[in-house]
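Here is the structure we will look at, set down as structure tokens.
The values are calculated or read from the model by the stated rules, or taken from the named source; none is laboratory data. Since the model is a prediction, treat every value here as computed from it, not as a measurement. With ideal geometry, Cβ positions are generated from the backbone for all residues, glycine too; neighbour counts draw on all protein chains shown.
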Amino acid sequence: MLINNTKIVGLGQLYASNTPGITIKSVGLGSCVGVIAIAPKYRTVGLWHVVLPSSKVDMEKADEIPGYFADTGIGAFIDEFRKLGVVSTKDLIIKLAGGASVMDANATFDIGKRNILACRKGLWKNHMAAIAEDVAGNYSRTVWVEVDSGRVYIESPGRGRWEL
């Protein structure tokens, strides 16, 4: 569903679009990672909200919502672009945001760090790497990407807004 030409991507969701005027947004990335892909040649962008690094914790959920996990979502994310005519992963510019340690001050579980590493690994296995990252730290982020410009923006409470 679009609200004011903005598609909100929730936990484990992924979405790609080449519709002019559309913005794709994910709100409140704490330990979650937003994987942003831009295919300038095709004027297509996408955003994937990764929640956990490995599907081994819940294979049933991985079947139901592959985007929930870094290891199972990468293929589904690439497929979204292929459906819109993007032929090769070489046409994708990748950016990462999130992966913070917001509720795990002692780094007991390190979910944010593990998510970042799992996303990088999945990208690498598919011959891709991020050209820009705004990851880790101890603050949440909201991230969005515009179809028209391919620009990626991040906003965080008390930190303002910046371009990635």
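Structure above, values below:
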| item | result |
| --- | --- |
| Candidates 27, 50 - the one that is within 13 Å of the chain's Cα centre (by Cα), surrounded by fewer than 23 Cβ atoms within 10 Å (Cβ to Cβ) and modelled with pLDDT of 95 or more | 27 |
| Verdict on residue 133 being modelled with pLDDT of 95 or more, assigned to a helix (DSSP H, G or I), surrounded by fewer than 19 Cβ atoms within 10 Å (Cβ to Cβ) and acidic (Asp, Glu) | no |
| Given (1) closer than 26 Å to residue 23 by Cα; (2) among the charged types (D, E, K, R); (3) surrounded by fewer than 20 Cβ atoms within 10 Å (Cβ to Cβ), number of the condition residue 141 does not satisfy | (3) |
| Test: residue 79 is out of contact with any Gly (no Cβ under 9 Å at 6 or more places or on another chain) and either among the acidic types (Asp, Glu) or closer than 14 Å to residue 114 by Cα (or both) | yes |
| Any hit, the stretch 7-18, residues being assigned to a strand (DSSP E or B), under 18 Å from the mean Cα position of the chain (by Cα) and β-branched (Val, Ile, Thr) | yes |
